[in-house]
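Some notes on the structure that comes next.
The values are calculated or read from the model by the stated rules, or taken from the named source; none is laboratory data. These figures come from a predicted structure and were not determined experimentally. Cβ placement follows ideal geometry from the backbone for every residue including glycine, while neighbour counts extend to all protein chains displayed. In case anyone asks, the SASA skips ligands and DNA or RNA and just uses the protein heavy atoms, side chains included. Shrake-Rupley method; radii C 1.70, N 1.55, O 1.52, S 1.80 Å.
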Amino acid sequence: MKQSKNKLDRPMIVYIITLVFAILFLVVGNRVATQGKTTIFGAKHEGDFWRARVLDIIKTEKSSYTMDGAEDEMSVTTIFFEAKALSGKKKGETLRCKQEQDQMFSMLVPMVQSGDTVLLDAMSSQDGTNYIMYDYVRTTPLVLLGLLYIGLVLLFARKKGFNTLLSFALSLIAIFLVLVPAVLSGHNIYFWSLLICFYIVITNLMLVQGASSKSLVAALGCFGGVLSSGLIMAMMNKPMHITGLIDEESIQLTYLKSGINVKSTIFCMIMIGSVGALMDVTMDIAAALHELRENNPALSSRSLMKSGFNIGKDLIGTMANTLVLAYIGGSLGQLLVMITYSSGMTQMLNRELIAVEILQSLAGCLSVLAVVPLTSFICSIFYKPKHIPVQTAETAETEE
């Protein structure tokens, strides 16, 4: 009875140790990442941004201007409205606000209407404080959708669903609380990218799957896949002449005084983008081969590894599509612009932005290819065949 109780306590001990490790990593990692540097989390901005609900549209005014060297006039529409402040120093008060729509940027922010929840920029001037609409508040519907997702996960998966959500939250916190400050502070992005990937793998597998041979095998296989992705990036860096200046945001990073190595951010993108897919593949193979070993204890290690290869063939096709489509979907807008303004396919494919997207897809697919045989091989080592004694008539009578 005492032995059974110890077995029941062991998963909880591992669970608690994993949580303590995750919290210590986040606290210590954040302190090291932000040491002596100002990051986005501590930076101050000019003015205050307040949430407000639009009560009524007062009036609309139109004006025009002419740009230097242009013949056509550009129109500006100014919408004056009243809004009730939902946050800030004037919370609860009715404010007189305005929204400006320039003809050049009229499609960016739609015209405000009564009942909308907006974000106001409270700017101080000699005439007092001006409240200008900055953008719409979009977090509320996102929060509601997120709560729906959390509720459905808890409803269907219950305890494992809670652990999945917890590991997901810890991964996001690590990225925004440790990785982002480390990058902005000018730390070595290669080291911190690998460190965050290892942290994500350990916390996810330990919290969701627990300490088992399956988790160990999946973790080792995933580590190998992450390192293979990094190796691919290191090998392609020089022949592709990667600079990291793939969009306006990366160019703006070069003007920051934090000493960010823009080129190494490509490495970080590939690492973070592939670690989730690698965990899926390695865990699928580890779980399938573990089940195969349990149902056929006498199966040889070579046959077990061959079965892992066969299982991996199906996973490779679906996961490769997942990675490629995810990268294409994430950069579809930029891709459309490139196609529109490129004079031909050769020019478009040789643009660094497109080349890096292709590199991300290929690196992810190649790392998935690498983890299939690697995880199968590791399974053949850890999942040893078990000898089953042959039961004869004489031994059967003895047992009876």
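Key figures for this structure:
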quantity	calculated
Residue in the range 121-139 that is open to solvent by 80 Å² or more (accessible area, probe 1.4 Å) and under 30 Å from LEU166 (Cα atoms) present	yes
Selection within the range 220-244 - without any contact (Cβ under 8 Å) to a residue 60 or more places away in the chain, farther than 13 Å from PHE267 by Cβ and part of a helix (DSSP H, G or I)	PHE223
Meets criteria (hydrophobic (A, V, I, L, M, F, W, C) and either closer than 30 Å to ALA211 by Cα or at pLDDT 90 or above (or both)) for ALA157	yes
Options LEU292, LEU245, LEU253, LEU299; residue that is surrounded by 16 or more Cβ atoms within 10 Å (Cβ to Cβ), at pLDDT below 85, farther than 21 Å from LEU369 by Cα and of a type outside the set (Lys, Arg)	LEU253
Among the candidates ALA157, ALA83, residue that is under 30 Å from ILE16 (Cβ atoms), open to solvent by less than 100 Å² (accessible area, probe 1.4 Å) and of a type in the set (Gly, Ala, Ser)	ALA157
Hits in the range 317-337 (condition: under 18 Å from ILE285 (Cβ atoms) and either over 21 Å from the mean Cα position of the chain (by Cα) or modelled with pLDDT under 75 (or both))	GLY317
Top-ranked residue in the range 1-44 [being aromatic (Phe, Trp, Tyr) and either open to solvent by 70 Å² or more (accessible area, probe 1.4 Å) or in a loop (DSSP other than H, G, I, E, B) (or both); ranked as modelled with the lowest pLDDT]	PHE41
Qualifying residue in the range 173-181 (condition: without any contact (Cβ under 8 Å) to a residue 24 or more places away in the chain and surrounded by 11 or more Cβ atoms within 10 Å (Cβ to Cβ))	yes
Members of the range 349-365 that are buried (at least 17 other Cβ atoms within 10 Å of the Cβ) and without any contact (Cβ under 8 Å) to a residue 60 or more places away in the chain	ILE354, GLU357, SER361, CYS365
Answer from ASP72, ASP102 - the residue that is loosely packed, with under 10 Cβ neighbours inside 10 Å, more than 30 Å from MET12 (Cβ to Cβ) and more than 34 Å from the chain's Cα centre (by Cα)	ASP72
